[in-house]
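The values are calculated or read from the model by the stated rules, or taken from the named source; none is laboratory data. All figures in this text were calculated on a predicted structure; none of them were measured in a lab. Virtual Cβ from ideal backbone geometry, glycine too; neighbours counted across all protein chains shown.
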There are 2 protein chains.
Amino acid sequence: MDQKSLTVGVLGPKGSYTEQAALCYFKDCAIIDNYLSPQDIIEDVSRLVIDYGVVPVENSIQGGVASTIDALIKYRVNIVGEIVLPINHVLAAHPKAEFFRRVLSHEQALNQCKDYLKAEYPHCALEPTASTSLAAKIVSEKEIADALVICSEHAAKTYKLKIIAKHIASTNNNETRFFVIGNSTAKPTVHDKTSIVFGLIDRPGALYDALGVFKKYEINLTRIESRPTKKKLGDYLFIIDFEGHKDNEIIKKALEELSSATTFIKILGSYGIA
Amino acid sequence: MDQKSLTVGVLGPKGSYTEQAALCYFKDCAIIDNYLSPQDIIEDVSRLVIDYGVVPVENSIQGGVASTIDALIKYRVNIVGEIVLPINHVLAAHPKAEFFRRVLSHEQALNQCKDYLKAEYPHCALEPTASTSLAAKIVSEKEIADALVICSEHAAKTYKLKIIAKHIASTNNNETRFFVIGNSTAKPTVHDKTSIVFGLIDRPGALYDALGVFKKYEINLTRIESRPTKKKLGDYLFIIDFEGHKDNEIIKKALEELSSATTFIKILGSYGIA
């Protein structure tokens, strides 16, 4: 497959962690970086506006990305790949900057680096932006001379900012898991995972019975998350990731059996483990 | 108990849905409304700075409030009550306003009312604020004449704004569930719920076995949610709500048995069902 012609949608602006994840996975492709939300990317994949999309699904500190899960439930697309990216924030600034009055970054990044900032830049005001790469873009394009930026090394280089410090977060093991979204289905590899979503029949023990199917077939669950059905409080859908490919005979049998405990099952995709 | 002297922390500024929930529950109390996050409220309850706190825990459209769950795991406090509040947004403006160029509100509220805004105010720019009550406060205090606000009727009245339209959200059944947080424990009532958090022993089927304890004792689960342990990707804690009070003999037995499938259990509190 000639990847040169592939269009891949990522969260913008240019320099985002999502773009970095996409570049790890696709090597050579045309990045479309004007997306503001995972939902917009997934919708455009479903409408064939772009070939693939890369969206964050889960972070080791923050947890699940609700808007990604909701859009995967809503649109007809497939998860075709998984990427895990270490999140390493750096402190950067415009090359002309000398004195700093404020720090721009996404609220979560500001929070993860607050101990460092309190110790090294106690006089600086914290100014939340919609994303880490947007902070880098603003400071670069407006040539802001009094602001520090917390962003990825990738974003700092993208916007030609000077890197002042590395390893500034007090949280270790900060990783984000991304899904690659497409319209095809991924063929089985040596080691696959499958993601599904289902609704439970409204009776006590329905979730227990559903999980029992996985135990019976010795299928290893790697994640379970609940999301509201948006119909009423206390009514949930469950998103489950497990090891195995949907074309595998055992998985097929298990999914068939699972339907007796569920109101519906949607297979979100099978993909090689990152 | 003389509720007049009680101090109750809520998310600010004045007029928030959280304040409204607190006023429903406590009738007469001293509201402390300068909190920016559920974590700050819960921390101040644990440090005895305030008697009680009210925090959002779950919304029927958006799902769980991660920062509340994380703070309940971290701090030594008890859930002592539950409140369910219908979320009804109204469209409001400064009484002097005549022509509108923009709409201020929380991103989620803007999103929930976007169909209405597109139909009635297509020329208006959407400007996200940190909360719906902050939008009302800004427009009121700065006497902004060209902005609409989406907020609760309570917030509009609090800031003496003129209500222009009601029932503007395209999402029905929008409800938020709040927890009342304190340092005491709530005595059993006719109909109680208990919330716990636990970590699972790292072996296949551990969650299934944990849920099996609830099935065995015929305890009705009302909610299950997972949160990252923040140690590594793929490592989760589970937060479970179920019917019954922790002082009930059956619940005591079940929790004892549950410990064989879990690395730890923390009882977050037992409280009367809303």
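Of note:
- Filtered residues of the stretch B:222-261 (kept if β-branched (Val, Ile, Thr), modelled with pLDDT of 95 or more and within 19 Å of A:SER226 (Cβ to Cβ)): B:ILE239, B:ILE240
- For the stretch A:173-195, the count of residues that are among the acidic types (Asp, Glu) and within 30 Å of A:GLU256 (Cα to Cα) is at least one.
- Of all residues in the stretch A:15-47, those satisfying the criterion of being farther than 17 Å from A:ASN78 by Cβ and of a type in the set (Val, Ile, Thr) are A:THR18, A:ILE31, A:ILE32.
- Qualifying residue in the stretch B:197-213 (condition: at pLDDT 95 or above, in contact with a Ser or Thr (Cβ under 6 Å, 6 or more places away or on another chain) and not small (Gly, Ala, Ser)): yes
- Test for A:SER133: is it in contact with a Leu (Cβ under 7 Å, 6 or more places away or on another chain), buried (at least 20 other Cβ atoms within 10 Å of the Cβ) and among the small types (Gly, Ala, Ser): no
- Qualifying positions in the stretch B:161-212 - within 30 Å of B:TYR116 (Cα to Cα) and among the acidic types (Asp, Glu): B:GLU175
- For the stretch A:256-272, the count of residues that are at negative phi, within 14 Å of chain B (Cβ to nearest Cβ), surrounded by 14 or more Cβ atoms within 10 Å (Cβ to Cβ) and without any contact (Cβ under 8 Å) to a residue 60 or more places away in the chain is zero.
- Of all residues making up the stretch B:160-182, the number that are under 22 Å from B:SER140 (Cα atoms) and either surrounded by fewer than 22 Cβ atoms within 10 Å (Cβ to Cβ) or not assigned by TED's automatic domain parsing to the domain that holds B:PRO95 (or both): 8
- Matching entry among B:ILE69, B:ILE50 (being more than 11 Å from the chain's Cα centre (by Cα) and aliphatic (A, V, I, L, M)): B:ILE50
- Number of residues in the stretch A:37-85 that are over 23 Å from A:LYS230 (Cα atoms) and either at pLDDT below 95 or touching a His at 6+ places or on another chain (Cβ under 9 Å) (or both): the value is 3.
- Top-ranked residue in the stretch B:239-253 [being touching a helix residue (DSSP H, G or I) at 6+ places or on another chain (Cβ under 7 Å) and within 11 Å of chain A (Cβ to nearest Cβ); ranked as farthest from B:SER270 (Cα to Cα)]: B:ILE239
- Scanning the stretch A:32-63 for residues that are farther than 29 Å from B:TYR236 by Cα and of a type in the set (Ser, Thr, Tyr) yields A:TYR35, A:SER46, A:TYR52.
- Residues located in the stretch B:106-131, provided they are among the hydroxyl-bearing types (Ser, Thr, Tyr) and either closer than 16 Å to A:ALA130 by Cβ or at pLDDT 95 or above (or both): B:TYR116, B:TYR121, B:THR129
- One residue from B:ILE201, B:ILE150, B:ILE181 being under 30 Å from B:GLU249 (Cβ atoms) and within 22 Å of the chain's Cα centre (by Cα): B:ILE181
- Criterion violated by A:ILE164 - all others in (1) free of Cβ contacts under 8 Å to residues at least 40 places away in the same chain; (2) under 30 Å from A:VAL103 (Cβ atoms); (3) over 21 Å from the mean Cα position of the chain (by Cα) satisfied: (1)
- Each residue in the stretch A:219-270 was checked for being more than 19 Å from A:THR68 (Cα to Cα) and of a type in the set (A, V, I, L, M), and 9 pass.
- Meets criteria (surrounded by fewer than 21 Cβ atoms within 10 Å (Cβ to Cβ) and touching a residue at least 24 places away in the same chain (Cβ under 8 Å)) for A:LYS96: yes
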